[in-house]
Amino acid sequence: MEPPPSGEEEEGVGRFRDSEHQHARYNPLRDDWVLVSAHRVKRPWQGQLEKPPPEDVPRWDPNNPLCPGATRVNGEVNPQYEGTFVFPNDFPALQPDAPEPGDSDHPLFRAAAARGVCKVMCFHPWSDLTLPLMSLAEIRAVIDAWAELAAELGASYPWVQIFENKGAMMGCSNPHPHCQVWASSFLPNEARLEDRTQRQHLREHGVPMLLEYAEQEARRKERLVVENADWLVVVPYWATWPYQTLLLPRRHVCRLQDLHEGERDSLASIMQRLLIKYDNLFEVSFPYSMGWHGAPTGPYLEEDCGHWQLHAHYYPPLLRSATVRKFMVGYEMLAQAQRDLTPEQAAERLRSLPEVHYKQRTKEMS
């Protein structure tokens, strides 16, 4: 695809404004483009309205298989855990001993072995306590458990994907605060793509792509949401989802398990600040899918992965309110991604939100 017009005035054409005129933006991390059509957010909405997440989640439910002391579907009883709790997924998408498919008889019908393990990690024993409502010490415990799992599974598996689906809108079937960790014998599509683009950027520019990008965003400020001495969160220049964010370390670090003590503390702080802003945006427990990307592991631990920079993606679907989401259909599925407000508008709105959770403000006022 050719780069979009530079915005210079042409005969009969007004001055370009990114908040008013459609344009395309390049995503160097995925080597693709997103169409930005900020004027579309003004159109009236008569489509589907989502149900807001329930506010009355019980703190403990003996029938909830993620609660302490509950019996899971396989008959195992959870311990009375008081912090994080990790256990094998009872319905794993990957298993370590799956047989290998046979040889293909045609290049258009290829299959490959896919082995691995899938784990579930509960963040907290209480079902009604999401990450933004946890203490910094509790969030830090989650980070430490992530790093421990990344190191443990990464000792043998090439890719360890830590991800959280929050809210029924993102396919989460249980409100209890938890995430999943899938380790695979192969590099998934997104990992292979990011490996290629970051490797190419380092070769051509002599600096890791996302390290350079973080430095640029810290200087420009217009897409900055929150920052501290070790981390910053931005709505990326190439964001696809309305309030998508990218969490980046300021120093060059390849993997989650490489973070030192101070960086883990400051990560807990910036995660809490971001997630409080997310909840405050529409005063609802904000749905999203998030996940960590870092340098591959397993056999790649012996290779130079200096082109990689650790980062976390947050992909929230909500667009206008707690009940109106962005749909990725039609043009997005058949042509390319498209968004309905500029990343700068989204960042400004998130940046201006208070960092005290709306539920805590309500308690203080009552």
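Of all residues in the range 4-40 being among the polar types (S, T, N, Q) and either closer than 22 Å to residue 192 by Cα or at pLDDT below 65 (or both), which is surrounded by the most Cβ atoms within 10 Å (Cβ to Cβ)?
27
Considering the range 168-181, and only residues there that are open to solvent by 20 Å² or more (accessible area, probe 1.4 Å) and modelled with pLDDT of 95 or more, the residue that is nearest to the chain's Cα centre (by Cα) turns out to be 180.
Taking residue 73 as the residue in question, decide whether it is touching a strand residue (DSSP E or B) at 6+ places or on another chain (Cβ under 8 Å) and either among the β-branched types (Val, Ile, Thr) or closer than 17 Å to residue 172 by Cα (or both). Spell out how you get there, then give the answer.
On the way: touching a strand residue (DSSP E or B) at 6+ places or on another chain (Cβ under 8 Å): no; either among the β-branched types (Val, Ile, Thr) or closer than 17 Å to residue 172 by Cα (or both): yes.
Spelling it out, it is not the case that residue 73 is touching a strand residue (DSSP E or B) at 6+ places or on another chain (Cβ under 8 Å) and either among the β-branched types (Val, Ile, Thr) or closer than 17 Å to residue 172 by Cα (or both).
In the range 84-105, the residues that are more than 20 Å from residue 73 (Cβ to Cβ) form Cβ pairs under 8 Å with partners that are in a loop (DSSP other than H, G, I, E, B) and open to solvent by less than 60 Å² (accessible area, probe 1.4 Å), at six or more places apart or across chains, as follows: 84/123; 84/124; 98/113; 98/114; 100/113; 101/113.
Scanning the range 276-309 for residues that are at pLDDT below 95 and among the polar types (S, T, N, Q) yields a single hit, 285.
Could you say which residue among 168, 191 is small (Gly, Ala, Ser) and within 16 Å of residue 313 (Cα to Cα)?
Numbers: 168 fails: within 16 Å of residue 313 (Cα to Cα).
Testing whether each residue is small (Gly, Ala, Ser) and within 16 Å of residue 313 (Cα to Cα) leaves just 191.
Residue count for the range 135-159 under the criterion of being aliphatic (A, V, I, L, M) and farther than 19 Å from residue 247 by Cα: the result is 5.
It is to be established whether one or more residues within the range 228-237 are touching a residue at least 60 places away in the same chain (Cβ under 8 Å), touching a Lys or Arg at 6+ places or on another chain (Cβ under 7 Å) and open to solvent by 50 Å² or more (accessible area, probe 1.4 Å). The answer is yes; a qualifying residue exists. Residue pairs whose Cβ atoms lie under 7 Å apart, sitting 6 or more positions apart in sequence or on different chains, and linking a residue in the range 330-352 that is open to solvent by 40 Å² or more (accessible area, probe 1.4 Å) to a partner that is of a type in the set (Gly, Ala, Ser) and in a helix (DSSP H, G or I), are 345/38.
Residues to consider are 348, 344, 332, 263; find the one that is under 30 Å from residue 185 (Cα atoms) and out of contact with any helix residue (DSSP H, G or I) (no Cβ under 9 Å at 6 or more places or on another chain).
Details: 348 fails: under 30 Å from residue 185 (Cα atoms); 344 fails: under 30 Å from residue 185 (Cα atoms); 332 fails: under 30 Å from residue 185 (Cα atoms).
Matching residue, one of 348, 344, 332, 263: 263.
Being under 19 Å from residue 146 (Cα atoms) and either in a helix (DSSP H, G or I) or open to solvent by 30 Å² or more (accessible area, probe 1.4 Å) (or both) is the requirement here; does residue 216 meet it? It is false that residue 216 is under 19 Å from residue 146 (Cα atoms) and either in a helix (DSSP H, G or I) or open to solvent by 30 Å² or more (accessible area, probe 1.4 Å) (or both). From the list 222, 194, the lone residue that is in a helix (DSSP H, G or I) and not hydrophobic (A, V, I, L, M, F, W, C) is 194.
Going through (1) without any contact (Cβ under 8 Å) to a residue 12 or more places away in the chain; (2) closer than 22 Å to residue 275 by Cα one by one, residue 139 falls short only on (1).
Can you tell me which residues in the range 231-252 are assigned to a loop (DSSP other than H, G, I, E, B) and not aliphatic (A, V, I, L, M)?
The answer is 236, 237, 238, 240, 241, 242, 243, 244, 250, 251, 252.
Listed here are the residues, each with its yes/no results for (1) aliphatic (A, V, I, L, M); (2) in contact with a Phe, Trp or Tyr (Cβ under 7 Å, 6 or more places away or on another chain).
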{"residue": "236", "(1), (2)": "no, no"}
{"residue": "239", "(1), (2)": "yes, no"}
{"residue": "289", "(1), (2)": "no, yes"}
{"residue": "294", "(1), (2)": "no, yes"}
{"residue": "306", "(1), (2)": "no, no"}
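Exactly one residue out of 224, 247 is within 18 Å of the chain's Cα centre (by Cα), buried (at least 21 other Cβ atoms within 10 Å of the Cβ) and at negative phi: that is 247.
With the requirement that a residue be open to solvent by 40 Å² or more (accessible area, probe 1.4 Å) and within 8 Å of residue 307 (Cα to Cα), what does the range 195-209 give you? Write out each step before concluding.
Filtering the range 195-209 down to residues open to solvent by 40 Å² or more (accessible area, probe 1.4 Å) leaves 196, 199-200, 202-206.
Across the range 195-209, the qualifying residues are 199, 202.
Working only within the range 315-336, note down all residues that are in contact with a Leu (Cβ under 7 Å, 6 or more places away or on another chain) and of a type outside the set (S, T, N, Q). Please lay out each step first, then the result.
Within the range 315-336, the first condition is being in contact with a Leu (Cβ under 7 Å, 6 or more places away or on another chain), and the residues that meet it are 323-326, 336.
If the condition is that a residue be in contact with a Leu (Cβ under 7 Å, 6 or more places away or on another chain) and of a type outside the set (S, T, N, Q), then 324, 325, 326 are the ones that fit.
The values are calculated or read from the model by the stated rules, or taken from the named source; none is laboratory data. As the structure is a prediction and not an experimental result, all values here were calculated from the model. All Cβ positions, glycine included, derive from the backbone under ideal geometry; neighbour counts span all protein chains shown. Please note that ligands, DNA and RNA were not included when accessible areas were found on the heavy atoms of the full protein model with its side chains. Shrake-Rupley method; radii C 1.70, N 1.55, O 1.52, S 1.80 Å.
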